[in-house]
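As C-alpha cells, the structure follows; a few thoughts come after it.
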Amino acid sequence: MKYFTLIIAFLLFSCEKKEDVLLPKSNVSIVKDVQDHSPIYIFFKTEGKDTIADVNRKNSIISTNWLFNIDKRLPLKLVIPEVMKLQEKKRADSAHKNEDAENYYSYADSIGKNLAFLPFTKVYYKTEKPKSEGLTLFFKKNQTVEVNQQVLKKEELLNYIASLDFAVKPKMQFCFDKNMSFDAYIQNKILVQKLESFAEVTEEYIF
C-alpha cells in the first residue's frame, strides 16, 4: 500500500491544486514492487468539448525506473503519442542512461488491494497498420479480438492460440484500436502477457 499512499498524497496536495488520476484496475499483479523510481502523470482534462492528455513529468529522472500513472479514461490516440515522446527522450539521453532502468504502467490490483506495475520498456509503438505477416492480433474497442481476420471474444483468445499447430514460433503482431480507453488497453496487455511463450512482441500498432 506504500506506493498507493504516496501517489494519492501527490495527487491531492501537489501543484497547488487538486489533480487526480483514475488508474486502470485488474485482478492480478504483474509486478508488485519497483525501487528507485520516478513518477510520470498523464491527467485527463477537458477544454470545451475536447479531451486533453495533460503530461506532468517534472519529477522524472532519466537514470531511474519510470512509473507511468495514466488516467484510464483517456483514449490511446491521446496517450500513446505522449508515451512515445517520453520513451524517445529517455532512450536518446546517453549521458544519463541506465541500462537497467525500466518503464512501467501503474494500475490498481483490485484483489490484492495494492498498486501494481506492467513493464513495457522494450515496446516500440507505431501509429500505423502493420504489414500482413505472421500472426496478427487486433484488439478492438468492442472487446473482441480479430486474429488473422477471425473475430473472437477476448475470453476465447488464449485457448484459440493454444489450439494452433505451429511448426515454429510465429512472428506475433499486436494491434490496438486507437479509440480504445487506456483502461481497456491495460486489461488487454495483462491478457497477452500469457502469450509470451509463443513469441516476444517488441512492436505494437495503434491505429
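If the condition is being open to solvent by 90 Å² or more (accessible area, probe 1.4 Å) and among the polar types (S, T, N, Q), then the stretch 131-145 contributes Ser132, Asn142. Tell me, yes or no, whether the stretch 54-61 has at least one residue that is surrounded by fewer than 17 Cβ atoms within 10 Å (Cβ to Cβ), over 22 Å from Lys25 (Cβ atoms) and small (Gly, Ala, Ser). No, the conditions are met nowhere in the stretch 54-61. Of all the residues in the stretch 74-98, those that are under 30 Å from Lys129 (Cα atoms), in a loop (DSSP other than H, G, I, E, B) and free of Cβ contacts under 8 Å to residues at least 24 places away in the same chain number 0. Among the residues of the stretch 177-186, are any within 20 Å of Tyr107 (Cα to Cα), among the acidic types (Asp, Glu) and assigned to a helix (DSSP H, G or I)? Looking through the stretch 177-186, at least one residue is within 20 Å of Tyr107 (Cα to Cα), among the acidic types (Asp, Glu) and assigned to a helix (DSSP H, G or I). Kindly establish whether Lys122 is surrounded by 12 or more Cβ atoms within 10 Å (Cβ to Cβ), under 19 Å from the mean Cα position of the chain (by Cα), touching a residue at least 24 places away in the same chain (Cβ under 8 Å) and within 27 Å of Tyr160 (Cα to Cα). Criteria not met by Lys122.
Looking across the stretch 27-42, the residues that are of a type in the set (Val, Ile, Thr), open to solvent by 20 Å² or more (accessible area, probe 1.4 Å) and in a loop (DSSP other than H, G, I, E, B) come down to Val28, Ile30.
One line per residue, one yes/no per condition, for (1) open to solvent by less than 10 Å² (accessible area, probe 1.4 Å); (2) in contact with a His (Cβ under 9 Å, 6 or more places away or on another chain); (3) among the aromatic types (Phe, Trp, Tyr); (4) modelled with pLDDT under 90:
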residue: Val147; (1), (2), (3), (4): yes, no, no, no
residue: Asp165; (1), (2), (3), (4): no, no, no, yes
residue: Asp177; (1), (2), (3), (4): no, no, no, no
residue: Phe198; (1), (2), (3), (4): no, no, yes, yes
residue: Val201; (1), (2), (3), (4): no, no, no, yes
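In this entry, Glu128 passes the filter for residues that are open to solvent by 10 Å² or more (accessible area, probe 1.4 Å), of a type in the set (Asp, Glu), in a loop (DSSP other than H, G, I, E, B) and within 23 Å of Phe68 (Cβ to Cβ).
The values are calculated or read from the model by the stated rules, or taken from the named source; none is laboratory data. Because the structure is predicted, anything quoted here is derived from the model rather than measured. For neighbour counting, all protein chains shown are included, and Cβ atoms are generated from backbone atoms with ideal geometry for every residue, glycine included. Ligands, DNA and RNA are stripped out before the accessible areas are found, and what is left, the full protein with its side chains, is counted by its heavy atoms. Shrake-Rupley method; radii C 1.70, N 1.55, O 1.52, S 1.80 Å.
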